[in-house]
Amino acid sequence: MRRVVVTGLGLVTPLATGVEETWTRLLAGQSGADKIKQFDTSRVITDYACEVKHGDGSDGTFNPDDWCDAKERRKIDNFILFGLAAAQQAVHDAGWMPEDEEDRLRTGVMIGSGIGGLRSIEETTLMMAEKGPRRVSPFFIPGALINLISGQVSIRYGFKGPNHAVVTACSTGAHAIGDATRLIKYGDADVMVAGGAEAAICEIGIAGFNACKALSTKRSDDPRAASRPYDADRDGFVMGEGAGVVVLEEYEHAKARGAKIYAEVAGYGLSGDAYHITAPSEDGDGGFRSMMAAVKDAGVEPGDIDYINAHGTSTMADVIELAAVERLLGNAAATATMSSTKSMTGHLLGAAGAIEAIFSILAIRDQVAPPTINLDTPATDTPIDLAPNAKREREVNVALSNSFGFGGTNASVIFRKV
Amino acid sequence: MSDVADRVKKIVVEHLGVEEGKVVENASFIDDLGADSLDTVELVMAFEEEFGIEIPDDAAETIQTFGDAVKFISDAA
């Protein structure tokens with residue numbers, strides 16, 4: 001069986017733009033939450049979120065000009081812009097910008113999104129109500145479609161292999177990395193650029209998640225304390241935005257060109273809850289089966305898992321996942337560290353699984369587990385170390401990243417040190 | 001240059017991201033100014049918005065150059 005490794009990383013997160021810039025802030029336990037700046041929040045319940053910080057590009061700020069020229073930018077929603085920025089970082093990091101036609105034919109793209117161009121849909125609808133359908137831009141549809149990140153990246157770099165996009169709500173990023181790995185294993189491609197992007201912090205996005213009772217609402221006076229997975233005082237997730245993209249590569253292909261190898265994608269598991277449109281089943285069985293499938297695929301024992309990057313959204317479902325992980329680890333629970341980096345980044349929905357896969361990979365690279373911040377009063381006792389409010393310098397050879405989405409869709413990806 | 005020509009030129013420069021000097025009488029939006037078919041649709045919409053006119057699809061197809069646009073709009077306004 002062909003093995004697949006990670007050779008490039010790219011991040012746009014509420015903490016910073018750039019992999020090292022984000023990682024440094026994450027290990028330091030910083031929060032990306034603040035009052036929402038990109039729209040007038042006077043009509044919605046939640047007025048805070050984890051937004052990407054715009055600036056001149058220095059000190060981890062996001063400068064749109066660095067990633068896409070102004071003329072092209074008018075034609076795409078922000079989720080595509082974030083995806084392009086993360087993909088550019090990943091492709092450059094991997095040093096994979098082939099000019100050779102055969103190499104391009106063997107390189108594909110699979111970058112998804114949970115919701116896609118929600119803000120473009122909102123703005124275009126409002127404009128149409130006022131001015132009529134003749135004013136709808138010809139770039140509205142191609143600027144809002146989820147698979148257009150994959151399309152744009154393929155056009156930019158000439159990648160002519162499989163061109164695909166995952167849409168599985170908050171599991172999108174994990175599914176994209178897992179499915180792209182399978183495409184390489186199956187021989188459809190030698191290299192895949194994979195991940196997820198999201199930019200749904202707009203009035204209709206916040207209003208919609210508020211209506212689902214999914215968002216934190218109580219911390220307007222202190223947004224940085226709002227995302228608090230496993231804490232007794234948690235009251236919902238904090239919306240994030242951004243993108244995570246990795247370059248996946250067949251192992252021999254990567255070795256032959258002397259590529260830097262971060263980790264191996266060792267295992268991938270998927271499952272469905274068949275239970276409820278927004279809530280996980282109380283017994284956590286869907287998440288458990290997803291993790292078990294990944295463990296089996298990786299050929300490891302549950303006790304081999306050193307670090308788990310939890311789905312942990314800061315909702316009631318946190319303890320359901322925690323119980324499922326305890327069930328998975330059994331007697332080994334006391335030796336594993338599990339953290340929710342959403343305590344710092346917020347919940348990036350379709351990008352969450354991708355950025356968290358990257359954090360899991362960096363945990364292996366640097367032998368450190370990032371913290372769960374705002375975990376002051378644990379909601380429940382557990383033998384698992386949740387790394388409350390401080391990173392853990394520890395051995396990390398095997399890391400598991402969980403993502404669970406609306407509709408009852410679960411994905412688990414296991415990375416292993418090479 | 002007429003007021004119409006100035007306003008059309010400004011729209012073309014903004015939408016196509018080209019230098020003002022390239023937007024000359026015979027400059028073709030597609031062949032000389034880098035537009036694709038979707039860009040030309042958006043340009044026509046921008047002309048309609050700016051000048052408060054309606055440009056039917058069959059007329060829009062005849063607007064290939066900067067000069068075509070200025071002439072059509074001057075006649076229609």
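The values are calculated or read from the model by the stated rules, or taken from the named source; none is laboratory data. Only a predicted model underlies this, so the values are computations on that prediction, with no experimental measurement involved. Methodologically, a virtual Cβ is constructed for each residue, glycine included, from the backbone with ideal geometry; neighbour enumeration extends over all protein chains shown. The area values use the complete protein model at the heavy-atom level, side chains included, leaving out ligands, DNA and RNA. Shrake-Rupley method; radii C 1.70, N 1.55, O 1.52, S 1.80 Å.
Scanning segment A:234-261 for residues being among the acidic types (D, E), in contact with a helix residue (DSSP H, G or I) (Cβ under 9 Å, 6 or more places away or on another chain) and not in a strand (DSSP E or B) gives a total of 1. Taking the numbered list (1) open to solvent by 40 Å² or more (accessible area, probe 1.4 Å); (2) closer than 30 Å to A:K218 by Cβ in turn, A:D59 passes all entries but (2). Restricted to helices (runs of 4 or more DSSP H) entirely inside segment A:134-193, those with at least 1 residues that are among the basic types (K, R) and open to solvent by 10 Å² or more (accessible area, probe 1.4 Å) are A:148-157, A:172-186. Condition check for A:E123 on (1) in a helix (DSSP H, G or I); (2) closer than 21 Å to B:D39 by Cα; (3) within 14 Å of chain B (Cβ to nearest Cβ): one failure, at (3).
Once segment B:1-44 is narrowed to residues that are within 13 Å of B:I73 (Cβ to Cβ) and within 11 Å of another protein chain (Cβ to nearest Cβ), the residue that is surrounded by the most Cβ atoms within 10 Å (Cβ to Cβ) is B:L43.
Residues are listed down the side, and each one gets a yes or a no for (1) in contact with a helix residue (DSSP H, G or I) (Cβ under 8 Å, 6 or more places away or on another chain); (2) of a type in the set (A, V, I, L, M, F, W, C); (3) within 14 Å of another protein chain (Cβ to nearest Cβ):
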residue	(1), (2), (3)
A:I36	yes, yes, no
A:T46	yes, no, no
A:D56	no, no, no
A:G60	yes, no, no
A:D69	no, no, yes
A:N78	yes, no, no
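Here A:L145, A:L118 are screened, and the one residue that is under 21 Å from A:G353 (Cβ atoms), out of contact with any strand residue (DSSP E or B) (no Cβ under 8 Å at 6 or more places or on another chain), within 14 Å of chain B (Cβ to nearest Cβ) and among the hydrophobic types (A, V, I, L, M, F, W, C) is A:L145.
Might you let me know whether segment A:102-113 holds any residue that is within 29 Å of A:T372 (Cα to Cα) and either at pLDDT below 95 or open to solvent by 60 Å² or more (accessible area, probe 1.4 Å) (or both)? Among the residues of segment A:102-113, not one is within 29 Å of A:T372 (Cα to Cα) and either at pLDDT below 95 or open to solvent by 60 Å² or more (accessible area, probe 1.4 Å) (or both), which makes the answer no. Taking the criterion of being open to solvent by less than 10 Å² (accessible area, probe 1.4 Å), touching an Asp or Glu at 6+ places or on another chain (Cβ under 7 Å) and either more than 30 Å from A:G117 (Cβ to Cβ) or among the basic types (K, R) (or both), the only residue of segment A:340-374 that qualifies is A:V368.
If the condition is being over 10 Å from B:F66 (Cα atoms), touching a Leu at 6+ places or on another chain (Cβ under 7 Å) and hydrophobic (A, V, I, L, M, F, W, C), then segment B:12-32 contributes B:L16, B:V18. Residues that are open to solvent by less than 10 Å² (accessible area, probe 1.4 Å) and either farther than 19 Å from A:I177 by Cα or touching an Asp or Glu at 6+ places or on another chain (Cβ under 8 Å) (or both) within segment A:245-254 comprise A:V247, A:E249, listed in sequence order. Is segment A:198-208 home to any residue that is out of contact with any His (no Cβ under 7 Å at 6 or more places or on another chain), closer than 18 Å to A:M316 by Cα and part of a loop (DSSP other than H, G, I, E, B)? Looking through segment A:198-208, none of the residues is out of contact with any His (no Cβ under 7 Å at 6 or more places or on another chain), closer than 18 Å to A:M316 by Cα and part of a loop (DSSP other than H, G, I, E, B).
Selection within segment A:194-205: residues that are over 12 Å from A:V153 (Cβ atoms) and out of contact with any Gly (no Cβ under 7 Å at 6 or more places or on another chain). The member of this set that is most open to solvent (accessible area, probe 1.4 Å) is A:I204.
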